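A.B. asks: Structure incoming, see below.
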Amino acid sequence: MPTALVAAELATGWKGGIYVWVREALGNRWGFTAVWLQWIQNVAWFPTQLAFIAGALAFVFVDSSLSSSGFFTAVVIIVFYWGATFVTLRGGNLFAKLGSWGGILGTLLPAALLIVFGAIWVFSGEKSQVPLEASAIIPPFTGLASIVLIVSNVLAYAGMEVNAVHVNQIKDPGKGFPRSVFLAAGLILLVFILPTLAISVAVPSKELGLTNGIMLAFRVYFDHWGMGWATAVVSALIAAGALASVITWVAGPSKGVLAAAETGLLPPMLQKRNKAGVQSGILMLQGTIVTILAAIFIVVPNVSAAFVALIDMAAALYLIMYMLMFASAIVLRRKEPTVHRAYRVAALPLVAGVGFVACLAAFLLAFIPPDGFTAFSPAAYPWIVGAVIVILGGPPLLFYALRKPAWDRRPADGSLLSDAHPEAPVPPGPGPSTAAKNR
């Protein structure tokens, strides 16, 4: 909620997304860093989403046991990601609406089915695999290692800053937007919690994995009711929905980086566009990073462990961006008090301060291995996470320090080259920047 409220004030005062917000408050160096982090965390997210697709496909076309195979998962990630990239490089609006339909058919429909099936299972007297008591449902606190999985959930709730641009469309933003945020928060909690309980009541905890739990639950339900064939159908829907989101997001996040890059913040090679006007230079770099990250699933045979590691790395990068955003909101309220904002956060320093502290706490927790995590030694885990953060999050500071006048490709009138290449609008949702769309 602090993210949504603070981003709404920033969006109604300054167009251009996170790059402009942080640039106006903290300078161009940190504005570029913020939009880079928003992009690069999405790059780290791709393997986790595609790993989920691999788990679903294993239940559709091949042996379901392959959903726990690191090699199978890595192959699916690489093949599907580069396939999506080549589609994106062709340009056009072919997949502009896939994200919305993919969300409905691949996420909301399966979630609704799980809730209904779970309710029928419980109220019909079938055995629940987890006692429906608070002591069994609420994870016990056994130290910091028992709560670090909260870092993984950051990405589930992230992206509200992207939707903040829509606050201008509300008749009375001062009252309507906070009401919408609180309503959305309640619905989001229900969508996440109830299907999770529906999975838990049907599948023994020792069989659950982070990438195949949903499909295992559907198989239990459908097999019990003599509809085993339906497992493959629902798994295919889930895979198609997840793949649609990947295709939709392949190009979107890099547009914000490109908008900043064309002001001279990245070398010409990374500003390169193909004949269709698509940012091929950044997409090639993006694909290379995804391929390297996919190798984690081979190096770490435990798919769930590799999944957690990637999620933590992506979340840590995103959390740095959010801390920059919260700090920028406080600075801009003091630095630019007269700028008109259609929506203003009440007690902004308190709200933004709570958001900043929460992000800082989650960021620090990202360096602690989760309870039961055995893929890396406890001593090595924080160093690995720290190294990934530096390697993926440090380049914008390096590029900024090494920038040259020749990198600035803007015409004499100061417009951006991207203005000459109309592209599909950046789709709403978690991850990508809206800088290119709203600059």
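The values are calculated or read from the model by the stated rules, or taken from the named source; none is laboratory data. These numbers come from a predicted model, not from an experiment. Methodologically, a virtual Cβ is constructed for each residue, glycine included, from the backbone with ideal geometry; neighbour enumeration extends over all protein chains shown. Note: areas computed on protein heavy atoms with side chains; ligands, DNA, RNA excluded. Shrake-Rupley method; radii C 1.70, N 1.55, O 1.52, S 1.80 Å.
A.B. asks: Which number in (1) closer than 14 Å to residue 261 by Cα; (2) within 19 Å of the chain's Cα centre (by Cα); (3) of a type outside the set (Phe, Trp, Tyr) marks the one condition that residue 43 misses?
C.D. replies: (1)
A.B. asks: Same structure again: Pairs needed: first member in region 167-181, farther than 19 Å from residue 14 by Cα and among the polar types (S, T, N, Q); second member anywhere, part of a helix (DSSP H, G or I) and at pLDDT below 75; C-beta distance under 8 Å; at least 6 residues apart or different chains.
C.D. replies: From residues that are farther than 19 Å from residue 14 by Cα and among the polar types (S, T, N, Q), there are no pairs.
A.B. asks: Sticking with this one: Which members of region 37-73 meet the condition of being open to solvent by 10 Å² or more (accessible area, probe 1.4 Å) and of a type in the set (A, V, I, L, M, F, W, C)? Can you show your working first?
C.D. replies: Keep residues of region 37-73 that are open to solvent by 10 Å² or more (accessible area, probe 1.4 Å), which gives 45, 49, 52, 57, 59-66, 68-69, 71-72.
The answer is 45, 52, 57, 59, 60, 61, 62, 66, 71, 72.
A.B. asks: Further question: Among the helices (runs of 4 or more DSSP H) lying completely within region 173-263, list those that include at least 1 residues that are within 27 Å of residue 321 (Cα to Cα), modelled with pLDDT of 80 or more and of a type outside the set (Gly, Ala, Ser). It would help to see each step written out before you state the result.
C.D. replies: On the way: elements: 173-202, 213-224, 229-260.
Passing ranges, in order: 173-202, 229-260.
A.B. asks: Also, quick follow-up: With respect to residue 288, determine if the residue is of a type in the set (Val, Ile, Thr), without any contact (Cβ under 8 Å) to a residue 40 or more places away in the chain and open to solvent by 10 Å² or more (accessible area, probe 1.4 Å). Steps first, please.
C.D. replies: Working: of a type in the set (Val, Ile, Thr): yes; without any contact (Cβ under 8 Å) to a residue 40 or more places away in the chain: yes; open to solvent by 10 Å² or more (accessible area, probe 1.4 Å): yes.
When the stated conditions are applied, residue 288 passes them.
A.B. asks: Quick check on this structure: which one of 61, 46 is at pLDDT 85 or above and among the aromatic types (Phe, Trp, Tyr)? Outline the logic, then answer.
C.D. replies: Working: 61 fails: at pLDDT 85 or above.
From the options 61, 46, the qualifying one is 46.
A.B. asks: Output the number of the condition that residue 80 fails; it satisfies all remaining conditions of (1) at pLDDT below 85; (2) under 22 Å from the mean Cα position of the chain (by Cα); (3) open to solvent by 20 Å² or more (accessible area, probe 1.4 Å); (4) more than 15 Å from residue 307 (Cα to Cα).
C.D. replies: Unmet condition: (1).
A.B. asks: All but one of (1) part of a loop (DSSP other than H, G, I, E, B); (2) polar (S, T, N, Q); (3) without any contact (Cβ under 8 Å) to a residue 12 or more places away in the chain hold for residue 274, so report the exception by its number.
C.D. replies: (3)
A.B. asks: With (1) modelled with pLDDT under 90; (2) surrounded by 14 or more Cβ atoms within 10 Å (Cβ to Cβ) as the list, and residue 340 as the residue in question, which single condition is left unmet?
C.D. replies: Checking residue 340 against (1) modelled with pLDDT under 90; (2) surrounded by 14 or more Cβ atoms within 10 Å (Cβ to Cβ), the one that fails is (2).
A.B. asks: Every residue in region 331-380 that is polar (S, T, N, Q) and in contact (Cβ under 8 Å) with a residue 24 or more places away in the chain, please. Walk me through it before giving the result.
C.D. replies: Looking only at region 331-380, we keep the residues that are polar (S, T, N, Q), and these are 338, 374, 377.
Matches in region 331-380: 374 only.
A.B. asks: Here are some conditions: (1) without any contact (Cβ under 8 Å) to a residue 60 or more places away in the chain; (2) aromatic (Phe, Trp, Tyr); (3) touching a Pro at 6+ places or on another chain (Cβ under 8 Å). Residue 383 meets all but one. Which one does it not meet?
C.D. replies: (3)
A.B. asks: Follow-up question, since we're still on this one. How many of the residues in region 300-336 are open to solvent by 20 Å² or more (accessible area, probe 1.4 Å) and not in a helix (DSSP H, G or I)? First the steps, then the outcome.
C.D. replies: Initially, region 300-336 is screened for residues open to solvent by 20 Å² or more (accessible area, probe 1.4 Å), giving 301-302, 304, 307, 320, 323-324, 327, 330-331, 333-336.
After this cut, where a residue has to be not in a helix (DSSP H, G or I) as well, the list is 301-302, 336.
Here the count works out to 3.
A.B. asks: Among 200, 235, 245, 205, which is the only one that is among the polar types (S, T, N, Q), under 21 Å from residue 43 (Cα atoms) and in contact (Cβ under 8 Å) with a residue 24 or more places away in the chain?
C.D. replies: None of the other options fit; the residue is 245.
A.B. asks: Can you tell me how many residues within region 223-258 are over 27 Å from residue 78 (Cα atoms) and open to solvent by less than 10 Å² (accessible area, probe 1.4 Å)?
C.D. replies: Applying the first criterion (over 27 Å from residue 78 (Cα atoms)) to region 223-258 yields 223-230.
Restricting the remaining residues to those that are open to solvent by less than 10 Å² (accessible area, probe 1.4 Å) gives 230.
Count: 1.
A.B. asks: Follow-up question, since we're still on this one. Among the listed residues 350, 397, 360, which satisfies the condition of being over 19 Å from the mean Cα position of the chain (by Cα), open to solvent by 20 Å² or more (accessible area, probe 1.4 Å), closer than 18 Å to residue 34 by Cα and at pLDDT 85 or above?
C.D. replies: Result of the check over 350, 397, 360: 397.
A.B. asks: Residue 10: on the phi < 0 side of the Ramachandran plot, among the aliphatic types (A, V, I, L, M) and touching a residue at least 40 places away in the same chain (Cβ under 8 Å), yes or no?
C.D. replies: Values: on the phi < 0 side of the Ramachandran plot: yes; among the aliphatic types (A, V, I, L, M): yes; touching a residue at least 40 places away in the same chain (Cβ under 8 Å): yes.
Yes.
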